[in-house]
Structure formats: C-alpha cells, structure tokens
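Have a look at the structure below, then the notes.
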Amino acid sequence: MKKDEIIKKNEIWQAIKASDEWLERAIIAIYENQDPDEQRNKESNTRNGIGFNKYDAVYLTWIAEYIKSGKHLSGKHKEKARKRIKKYCGQLVDLANQNQGDEQCQQ
C-alpha cells in the first residue's frame, strides 16, 4: 500500500461480510482497543469513541473472549455479531490506517 492510499470503511465492511476470519479479527481488534476496565466489566463506561458501545459491550465482549479462547463463531452468533460489528467499521479504519502508518515508520 502506498503512502497516499488509505483503507476505507466500505473495504473493511465488504471483507467482514465475505470472511468469517475478518469478522473474528474485527471483533478482537475492537475488543483489544477497549479500556481494560471495560473489558473486565463487559461494559462501556467512558464516551471515548473507542471499543464497544454500551448496548453491545456485554455481548461482543463475550464473543471476543469466546474467539480468544480458540473457538470460532457459528450459526446465529456469527450472524448477530456480523450485524453488530458493522457500526465499528470507522474504528477499524482508524486502527488499520494507524497500523499502516506504523509499518511505514519502521521501513
């Protein structure tokens, strides 16, 4: 990827829709970007635009921990998680572009 190329929301959403691996990686990325207290308590207690919102915190934290334990989503949980993660594509874009910038700095 060239310096002036950035990853866009639609690209991430299309990848999440097409790939269960992308779905699971997206959930983990948002989870790992959350405040440790929010992870531990399965809640959103600060309005910082990072991590899961208060409506999704319990469920998507549970899903993230399930995935981190080495298991994979299936059935209704996979579809429910896919629907919920869509609203976090903006955060995923920020993370992807931040990581892209970090890689360029290391080169």
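Treat the count of other C-beta atoms within 10 Å as a stand-in for reagent exposure and order Y31, Y66 from fewest to most.
In increasing order of surrounding Cβ atoms, one gets Y66, Y31.
Evaluate the distance, in nm, between pseudo-label points positioned 7 Å from the Cα of N10 and of I50 along their respective Cα→Cβ axes.
Modelled inter-label distance: 3.0 nm.
So how do D56, D94 line up by other beta-carbon neighbours within 10 Å, fewest first?
Listing D56, D94 from fewest to most nearby Cβ atoms yields D94, D56.
Values quoted throughout were computed directly from the atomic coordinates according to the rules given, and no laboratory measurement underlies them. Source: prediction; values computed, not measured. Cβ: placed from backbone, ideal geometry, glycine included. Neighbour counts: every protein chain shown.
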